[in-house]
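The block underneath contains the structure these notes are about, expressed in structure tokens.
The values are calculated or read from the model by the stated rules, or taken from the named source; none is laboratory data. It should be emphasised that the depicted structure is a prediction, and the values quoted were computed from it without experimental measurement. A quick note on method: Cβ atoms are made from the backbone with ideal geometry, for glycine too, and the neighbour counts reach across all protein chains shown. Protein only, heavy atoms only, side chains kept; ligands, DNA and RNA dropped before computing areas. Shrake-Rupley method; radii C 1.70, N 1.55, O 1.52, S 1.80 Å.
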Amino acid sequence: MAVDSDASIDAQFDAIDWEELGEERPVVGRRTGGFLVALGLLALLFLYDRFTGYDLSIGAWYAPSRLDWLFVLSLVVFAFAIVVPAVRNRDRTMQYWRRFRRNRLAVACAAYLAVFFVLGTASLLVLDRPTTNIQYAKQPALFATVEAGTVAINCAGDVTGTAVQQYCHGSLQFPFGTNSVGQSVLELVVAGMGVSLLVALVTSMLMVPIATAVGTVAGYFGGWVDDVLMRYVDIQQTVPAFLVYIVLGFVFGQSLFLIVLVFGLLSWGGVARLVRSEVTQRREELYITAAESAGASRLQIIRRHILPNVSSTVLTATTRQIPLLILTEAAISFIVVLGDENVPSWGQMLTDLNMELWWVWAFPLAFLVITVFSFSVVGDALRDTLDPRGNA
Amino acid sequence: MSDDTLLSVHDLTKHYPITEGLLAREVGRVRAVDGISFDIRRGETLGLVGESGCGKSTAARSLLRLEPPTDGEIRFDGEIVGNQTDDERKRFRRRTGIIFQDPTSSFDPRLSIGESVAEPLALHGLRDHDRRRSLVETMLAEVGLSADDYDRYPHELSGGQKQRVALARALVSNPELLVADEPVSALDVSVEAEILALIERLQTTFGLSILLISHDMSVVRDVCDRVAVMYLGEIVERGPTEAVFADPQHPYTRALLASMTTPDPTRRGERAELSGTVPDPADPPPGCRFHTRCPAVIQPPDYDFDQQVWRGILDLRIALRNRTLDTERLRTRLVTEGDAEHADEISGAELRTAIRAAHDIPDELHDANAEQVLSAALAEIVAGELATAEERLNESFATICCREQPALEETEAGHRAACHLHDVGGESSTAESVLSGQQNG
């Protein structure tokens with residue numbers, strides 16, 4: 001085996017003129033290229049919408065709002081940062097999936113999140129907002145009843161009972177019933193999914209790059225750079241983003257836009273800290289030294305070895321941060337009325353605490369709980385899947 | 001320095017500062033590598049041996065400038081390494097390769113082994129993907145794997161296979177110097193032999209110069225042309241492998257050789273293991289760094305102790321110097337061993353005997369003068385006057401080994417060693433007798 005190849009390896013080496021080859025030029029990979037093209041297209045659309053009289057009909061709310069643009073942008077980022085690599089490295093994805101599959105609860109939660117993602121996206125980009133319909137106000141949910149004639153003026157479902165005491169039954173037309181202005185609670189729940197999804201995706205899109213950059217730089221370069229960055233994170237974490245939001249809300253007005261901006265820009269501290277500790281560990285690995293000895297620059301090492309190896313930490317940490325942010329958004333919507341775009345947030349629906357019309361708040365509450373729970377479970381399962389060292 | 005010298009290391013020093021406080025004030029230095037020099041000729045294998053913690057790996061990393069050395073000059077192919085332009089540094093990187101002890105940590109778990117091996121090629125600008133792949137596949141075949149292994153991942157391979165891949169990666173850019181840092185320490189003995197054979201074959205194929213770092217004398221004997229023995233950041237002996245193995249000139253080398261596993265069971269009894277651990281490189285002992293553990297420390301001219309007794313006296317001296325002699329602990333030990341009911345009941349005489357016993361010093365030295373000095377010092381120790389005792393011992397039992405650092409000099413065996421036993425030509429007979437005494441004792 002060796003005797004045959006000796007000649008060929010020498011011949012192959014002889015054919016290489018190392019001095020001619022020179023530097024490794026940064027090659028724009030297909031994924032990066034695709035990402036840049038998609039970003040460019042989005043920017044063009046935005047400019048077109050902004051500077052011409054034509055309104056594009058993306059976004060189901062008013063004309064495309066700044067939130068819609070942010071959401072579409074985060075969809076693009078999500079597709080190129082998560083979906084494309086997962087599809088490209090099918091073998092690894094399948095390997096992860098086999099490990100993930102063992103956790104049945106997590107699979108169920110992931111399935112729910114898939115539905116949540118599809119419905120939420122549809123609600124933000126395609127579906128209309130729930131319309132008011134006084135004629136069918138206060139309709140009960142399926143299998144529930146309400147007094148007909150007095151509470152529910154008209155009834156979409158069956159009406160039973162005596163002439164004195166009539167009951168309106170829930171119908172398939174309004175499976176979750178309607179609220180006091182006749183909006184379908186089902187439609188409201190779906191619209192709420194859109195809001196939560198927007199919060200999850202847009203804040204992640206802001207958090208991930210900042211946390212990754214700060215954590216990587218601090219961990220890889222160490223020394224005073226590390227000290228300065230981590231002290232800043234300390235400071236940022238002592239100032240609650242909630243407080244900052246309240247103050248800025250007084251100045252700029254309460255809005256969902258402000259929520260995602262403030263929480264996206266101020267909640268990355270924990271993730272950055274995790275990334276940093278992961279990077280300081282990875283930095284000591286011998287394959288880093290091997291790459292250095294092969295002539296890799298710091299930037300090349302970060303790009304080739306550090307970032308791919310901390311990506312799972314970032315993904316996991318972010319997934320576990322999302323439920324907190326969704327809850328925070330719901331809490332703020334519960335307390336204050338968000339000014340812009342009349343946000344159909346689940347938190348806002350919870351303000352309608354009427355025991356008789358329980359479906360008006362119970363369904364949004366249930367979905368809020370399920371969503372938060374699912375994100376937490378999937379986040380935990382992702383950590384077990386992507387970083388098996390933890391449970392070894 | 002002859003013309004066919006590929007790498008020349010002169011006075012290489014690597015200190016790690018120990019800092020304290022906000023302003024990173026330097027309070028000390030770990031002298032990991034403290035002025036070592038050696039040459040490697042083209043096609044030659046130089047072995048760098050020593051116990052773990054003696055600075056071998058740091059030396060390797062500094063000479064490849066994976067860490068900037070504190071001081072010293074490294075010449076690679078005549079050019080000074082260190083103040084090169086970016087292009088020159090890149091060339092230096094291409095012309096050197098390194099493999100490590102831990103084959104697992106050596107590979108990025110997210111890259112297939114083919115991608116790992118191809119990395120140096122890509123870094124040095126070989127953009128043609130197909131050519132890269134074909135070269136890597138040839139290289140994998142060269143190290144005894146198959147081209148199909150290109151797409152496998154590190155976790156699918158055994159330690160020996162990974163070490164083969166590591167060799168492929170180190171050699172794929174066709175370097176002239178390979179640094180092998182404990183290449184077989186993590187492997188089974190059977191695999192170890194295979195990898196060593198592979199390294200030797202690759203050396204011929206590629207005309208490599210190799211710096212082989214190991215703590216294992218038998219590995220060095222099998223592979224190296226020349227050997228340099230390191231102790232606590234310094235080279236203590238250097239020479240052709242046969243000469244060093246046949247006629248070691250430094251007591252440390254002798255101890256290392258004695259610790260080698262001997263296939264002959266009748267000779268097992270001769271093993272003279274080194275006592276104690278390597279001292280802290282942040283605070284190396286004065287004089288010869290090996291004197292704290294050396295079985296052949298030179299005796300003062302006025303006395304003629306049994307070498308073991310002398311070692312005991314010296315240990316006592318060193319314990320005094322480092323203030324590690326703890327009479328309180330000794331008292332407690334005597335109580336727990338049942339020699340006394342209570343720590344206060346132990347008499348001075350009992351304690352003195354215990355100190356002697358702890359250092360393997362007989363109850364009475366043959367030499368009356370020496371005995372006088374020693375008992376006086378012991379009395380002072382028991383009285384708690386450690387400084388006076390230390391001074392008394394230093395004065396009466398002075399030895400050059402504790403005072404002066406020996407230089408790496410030519411010995412009568414023809415190669416270099418840094419030991420005071422070889423200082424004066426006329427005393428060579430003493431050196432010979434002491435060294436051979438060590439081997440027999």
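Check whether at least one residue in the range B:228-239 is of a type outside the set (Ser, Thr, Tyr) and in a helix (DSSP H, G or I), and report yes or no. Looking for residues that are of a type outside the set (Ser, Thr, Tyr) and in a helix (DSSP H, G or I), one finds none in the range B:228-239, hence no. Return a yes/no flag: does the range B:168-183 have any residue that is open to solvent by 10 Å² or more (accessible area, probe 1.4 Å), among the polar types (S, T, N, Q) and outside any helix (DSSP H, G or I). Yes: one or more hits. It is to be established whether one or more residues within the range A:270-284 are within 13 Å of chain B (Cβ to nearest Cβ) and not in a helix (DSSP H, G or I). Yes - at least one qualifying residue is present in the range A:270-284.
Taking the range A:290-299 as the range and being within 7 Å of chain B (Cβ to nearest Cβ), farther than 12 Å from B:Arg169 by Cβ and assigned to a helix (DSSP H, G or I) as the test, only A:Glu292 passes.
Condition check ((1) within 20 Å of B:Ala296 (Cβ to Cβ); (2) open to solvent by 70 Å² or more (accessible area, probe 1.4 Å); (3) in contact with a strand residue (DSSP E or B) (Cβ under 7 Å, 6 or more places away or on another chain)) across all residues:
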position	(1), (2), (3)
B:Ile313	yes, no, no
B:Leu325	no, no, no
B:Thr332	no, yes, no
B:Thr336	no, yes, no
B:Glu345	no, yes, no
B:Arg352	no, yes, no
B:His359	yes, no, no
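For the range B:121-140, the candidate set comprises residues that are in contact with a Lys or Arg (Cβ under 6 Å, 6 or more places away or on another chain) and facing chain A (nearest Cβ under 7 Å); within that set, the residue that is surrounded by the most Cβ atoms within 10 Å (Cβ to Cβ) is B:His124.
Residues of the range B:12-44 that are over 18 Å from B:Pro175 (Cα atoms), open to solvent by less than 70 Å² (accessible area, probe 1.4 Å) and under 18 Å from the mean Cα position of the chain (by Cα): B:Leu12, B:Thr13, B:Lys14, B:His15, B:Val30, B:Ala32, B:Val33, B:Asp34, B:Gly35, B:Ile36, B:Ser37, B:Phe38. Of the residues in the range B:109-120, none is closer than 16 Å to A:Trp18 by Cβ and either modelled with pLDDT under 85 or not assigned by TED's automatic domain parsing to the domain that holds B:Val9 (or both).
A single member of B:Val229, B:Val309, B:Val278 is modelled with pLDDT of 85 or more and crowded, with 16+ Cβ neighbours inside 10 Å, and it is B:Val229.
Residue-wise test of (1) closer than 19 Å to B:Ala255 by Cα; (2) touching a residue at least 24 places away in the same chain (Cβ under 8 Å); (3) assigned by TED's automatic domain parsing to the domain that holds B:Ala376.
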{"residue": "B:Val278", "(1), (2), (3)": "yes, yes, no"}
{"residue": "B:Asp283", "(1), (2), (3)": "no, yes, no"}
{"residue": "B:Gly287", "(1), (2), (3)": "no, yes, no"}
{"residue": "B:Phe290", "(1), (2), (3)": "yes, yes, no"}
{"residue": "B:Pro295", "(1), (2), (3)": "yes, yes, no"}
{"residue": "B:Pro301", "(1), (2), (3)": "no, no, no"}
{"residue": "B:Gly312", "(1), (2), (3)": "yes, yes, yes"}
{"residue": "B:Asp315", "(1), (2), (3)": "yes, yes, yes"}
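Across the range B:83-100, a minimum of one residue is classified as surrounded by fewer than 21 Cβ atoms within 10 Å (Cβ to Cβ), of a type in the set (Val, Ile, Thr) and under 27 Å from B:Leu6 (Cα atoms). Do the conditions hold for B:Ser62, that is, is it in contact with a Pro (Cβ under 8 Å, 6 or more places away or on another chain), open to solvent by less than 70 Å² (accessible area, probe 1.4 Å), more than 8 Å from chain A (Cβ to nearest Cβ) and modelled with pLDDT of 90 or more? Yes. When you look at B:Arg41, is it farther than 21 Å from B:Lys162 by Cβ, within 14 Å of chain A (Cβ to nearest Cβ), in contact with a Ser or Thr (Cβ under 7 Å, 6 or more places away or on another chain) and at pLDDT 90 or above, yes or no? Judged against the criteria, B:Arg41 is not a match.
Can you find a residue in the range A:2-18 that is out of contact with any Phe, Trp or Tyr (no Cβ under 8 Å at 6 or more places or on another chain) and modelled with pLDDT of 75 or more? No - not one qualifying residue is present in the range A:2-18. Restricting the first member to the range A:117-141 and to residues that are within 17 Å of A:Leu67 (Cβ to Cβ), and the second to residues that are among the hydroxyl-bearing types (Ser, Thr, Tyr) and in a helix (DSSP H, G or I), the beta-carbon pairs closer than 8 Å and six or more apart or on different chains are A:Gly120/A:Ser196.
The residues of the range A:159-181 that are of a type outside the set (A, V, I, L, M) and surrounded by fewer than 19 Cβ atoms within 10 Å (Cβ to Cβ), listed by number, are A:Thr160, A:Gly161, A:Thr162, A:Gln165, A:Gln166, A:Ser171, A:Gln173, A:Pro175, A:Ser180.
Restricting the range B:194-225 to residues that are surrounded by fewer than 22 Cβ atoms within 10 Å (Cβ to Cβ) and outside any helix (DSSP H, G or I), the residue that is nearest to the chain's Cα centre (by Cα) is B:His215. Within the range B:79-107, restricting attention to residues that are free of Cβ contacts under 8 Å to residues at least 24 places away in the same chain and in a loop (DSSP other than H, G, I, E, B), the residue that is nearest to the other protein chains (Cβ to nearest Cβ) is B:Ser105. Among the residues of the range A:304-340, the ones that are closer than 21 Å to B:Ala166 by Cα and more than 8 Å from chain B (Cβ to nearest Cβ) come to 1 in all.
Looking across A:Ala144, A:Ala106, A:Ala156, one residue alone is touching a Phe, Trp or Tyr at 6+ places or on another chain (Cβ under 6 Å) and either open to solvent by less than 70 Å² (accessible area, probe 1.4 Å) or touching a residue at least 12 places away in the same chain (Cβ under 8 Å) (or both). It is A:Ala156. Looking at the structure I just gave you, is B:Glu273 at pLDDT below 80 and either open to solvent by 30 Å² or more (accessible area, probe 1.4 Å) or in the same structural domain as B:Asp71 (by TED's automatic domain parsing) (or both)? Judged against the criteria, B:Glu273 is a match. In the range B:141-167, of all residues being under 17 Å from B:Pro109 (Cα atoms) and not in a helix (DSSP H, G or I), the one that is nearest to the other protein chains (Cβ to nearest Cβ) corresponds to B:Tyr153.
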